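Undergrad: Supplied in structure tokens, the structure appears directly below.
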Amino acid sequence: MRITTVNVNGLRAAARKGMLDWVNAQQPDVLLMQEVRAPEEAIEAIFADSCYLVVNEISELKGRAGVSIAIRDGLEIAEVRRGLVPEEEPVDTGRWIEVDLVDPPLTVISAYLHSGVADKPEKMAAKYAHLQRVSERLASVDPAGHTLVAGDFNIVHTERDIKNWKSNHNKTSGVLDPEIAYLDQWFGAGWVDVQRRLLDGAGFVGNGPYTWWSQRGKAFDNDAGWRIDYQMATPALAERAGEFSIGRAASYGERWSDHAPLTVTYEL
């Protein structure tokens, strides 16, 4: 089973720039999308002629956030759950959606965690509150089952996950120690950073490869990126991960998002 996660940076814009051509060429079985920033009817129109059924969690803030999961024809959905708690603040909506599949028995979660702004305490407070709710949800998952949380976490884990560590560490949101502590907590509790495990298993010792590059300057051309898009799996599922790929565009002009898709193949 091929599972892809990508922050599309606005689904309508991504579709205009050729996103569906990439999807049709790669044919993931499950496509998890973040920062969709589109209403239900627009999402349905974009995927109307595709082989996917798409379920969505739309943000209550118009034009913000939004997460979706596209399931290929032939895979049966048992249940869909939206949000982390029954009543969410508008700023937290459009950030978490879960789908249980029947065969193979698998739960896939598309997550778009807050970005935060380091010098704006109210933004960081919202981020930390959201991360705490994510922690509580993760703690309730059976580690013996097959559950995948994938998406834009907006946090690098270590120095290996960002090109310019020194200039950003404890200065820029996404590279603050209190944020990184949440990833330490999750991975320490048994959740697996699938891409990093596959890299380490192959003997890779360098930085990256990255999944996001700033639109400013020549970050993309210089590969001055961040690895903030994850596929995080329960131990049982991580054991079934075979290989991964990052769909980095050949050039800046050929990108359809400022993020690159992260695809992992699982033997299920």
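The values are calculated or read from the model by the stated rules, or taken from the named source; none is laboratory data. None of the values given here were measured: they were computed from a predicted structure. Neighbour counts are summed over all protein chains in view; Cβ atoms, including those assigned to glycine, are modelled from backbone coordinates with ideal geometry. Just the protein is used for accessible areas: all its heavy atoms, side chains included, with ligands, DNA and RNA removed. Shrake-Rupley method; radii C 1.70, N 1.55, O 1.52, S 1.80 Å.
Undergrad: Under 1.5 on a/c is rounded, so check that first for the range 166-266, then, if it is not, pick prolate when a/b is larger than b/c and oblate when it is not; a ≥ b ≥ c are the square roots of the alpha carbon gyration tensor eigenvalues. Intermediate results must be reported in sequence, preceding the final value.
TA: Details: a/c = 2.16, a/b = 1.25, b/c = 1.74.
It comes out oblate by the Cα gyration axes.
Undergrad: Work out from phi, with θ = phi - 60° and the Karplus expression 6.51 cos²θ - 1.76 cosθ + 1.60, the ³J(HN,Hα) of each residue of the range 189-196, listed in order in whole Hz, and give x for Gly and Pro.
TA: Going residue by residue, I get 8, x, 4, 10, 7, 4, 4, 5 Hz, with x marking Gly and Pro.
Undergrad: A follow-up question, please. Starting with the highest mean, order 34-42, 137-145 by the number of other Cβ atoms within 10 Å, averaged over the residues of each peptide. It would help to have the intermediate numbers written out before the result.
TA: Values: 34-42: 20.0, 137-145: 13.0.
The peptides rank, most packed first, as 34-42, 137-145.
Undergrad: In addition: Accessible area, 1.4 Å probe, largest first: how do K163, K171 sort?
TA: Working: K163 95, K171 125 Å².
The most accessible residue leads, giving K171, K163.
Undergrad: While we're looking at this one, here's another question. Take the alpha carbon gyration tensor of the range 2-262, find the square roots of its eigenvalues, order them as a ≥ b ≥ c, and report rounded if a/c is under 1.5; if not, report prolate when a/b exceeds b/c, else oblate. Intermediate results must be reported in sequence, preceding the final value.
TA: Working: a/c = 1.20, a/b = 1.13, b/c = 1.06.
Rounded, because the longest to shortest axis ratio a/c is under 1.5.
Undergrad: Would you mind pulling out the separation of the Cα centroids of the range 201-263 and the range 153-180, in Å?
TA: Between the Cα centre of the range 201-263 and that of the range 153-180, the gap is 15 Å.
Undergrad: If you average the sequence gap of Cα pairs under 8 Å that are 6 or more apart and divide by the length of the range 2-262, what percent do you get for the contact order?
TA: Working: 533 pairs, mean separation 49.6, N = 261.
Result for the range 2-262 is 19 percent.
Undergrad: Could I ask something else about it? Taking the Cα centre of the range 1-158 as origin, sum charge times position over the Cβ atoms of Lys and Arg (+1) and Asp and Glu (-1), and report the length of that vector in debye to the nearest 20. If you can, show how the numbers build up before the last one.
TA: Numbers: 16 positive and 24 negative charges, 134 e Å.
Using only the charged Cβ atoms, the result is roughly 640 debye.
Undergrad: Also, quick follow-up: Applying a 10 Å radius around every beta-carbon, put 12-25, 232-245 in order of their mean neighbour count, most first. Walk me through the numbers before you get to the answer.
TA: Details: 12-25: 16.3, 232-245: 17.8.
Ranked from most to least packed, the peptides come out as 232-245, 12-25.
Undergrad: So which aspartates and glutamates can K127 reach, going by Cα to Cα under 14 Å and dropping same-chain residues fewer than 8 places off?
TA: Output for K127: E88, E89, D92, D119, D152, D177, E179.
Undergrad: Lysines within cross-link reach of K17: Cα-Cα under 28 Å, excluding same-chain residues under 8 positions apart?
TA: Cα-Cα hits under 28 Å: K62, K163, K218.
Undergrad: Also: If you count, for each residue, the other Cβ atoms within 10 Å and average over each peptide, how do 185-194, 66-75 line up from highest to lowest?
TA: Values: 185-194: 17.2, 66-75: 19.7.
Highest to lowest by the protection proxy: 66-75, 185-194.
Undergrad: Would you check the accessible area of Y252, probe 1.4 Å, heavy atoms only, in square angstrom rounded to 10?
TA: That residue has around 100 Å² of solvent-accessible surface.
Undergrad: List the residues, sorted by chain then number, that are 5 or more residues from A111 or on another chain and whose placed amide H is less than 5 Å from its amide H.
TA: Those lying under 5 Å, H to H, from A111 are A150, G151, D152.
Undergrad: Starting from the Cα of E76, step 7 Å along the direction of its Cβ; do the same at A45; then give the gap between the two resulting points in nm.
TA: Distance between the two pseudo-spin positions: 3.4 nm.
Undergrad: In percent, how large is the relative contact order of the range 134-251, given Cα pairs closer than 8 Å and 6 or more residues apart?
TA: Values: 160 pairs, mean separation 46.3, N = 118.
Across the range 134-251, relative contact order equals 39 percent.
Undergrad: Classify the range 1-84 as rounded, prolate or oblate from the Cα gyration tensor: take a ≥ b ≥ c as the square roots of its eigenvalues, call it rounded if a/c is under 1.5, otherwise prolate when a/b beats b/c and oblate if not. Can you show the working numbers first?
TA: Details: a/c = 1.68, a/b = 1.13, b/c = 1.48.
It is oblate, given that a/c is not under 1.5 and a/b is not larger than b/c.
Undergrad: How large is ³J(HN,Hα) for each residue in the range 222-228, as worked out from phi by the Karplus curve 6.51 cos²θ - 1.76 cosθ + 1.60 (θ = phi - 60°), to whole Hz, x for Gly and Pro?
TA: Those phi angles translate into 8, 6, 8, x, 10, 9, 10 Hz.
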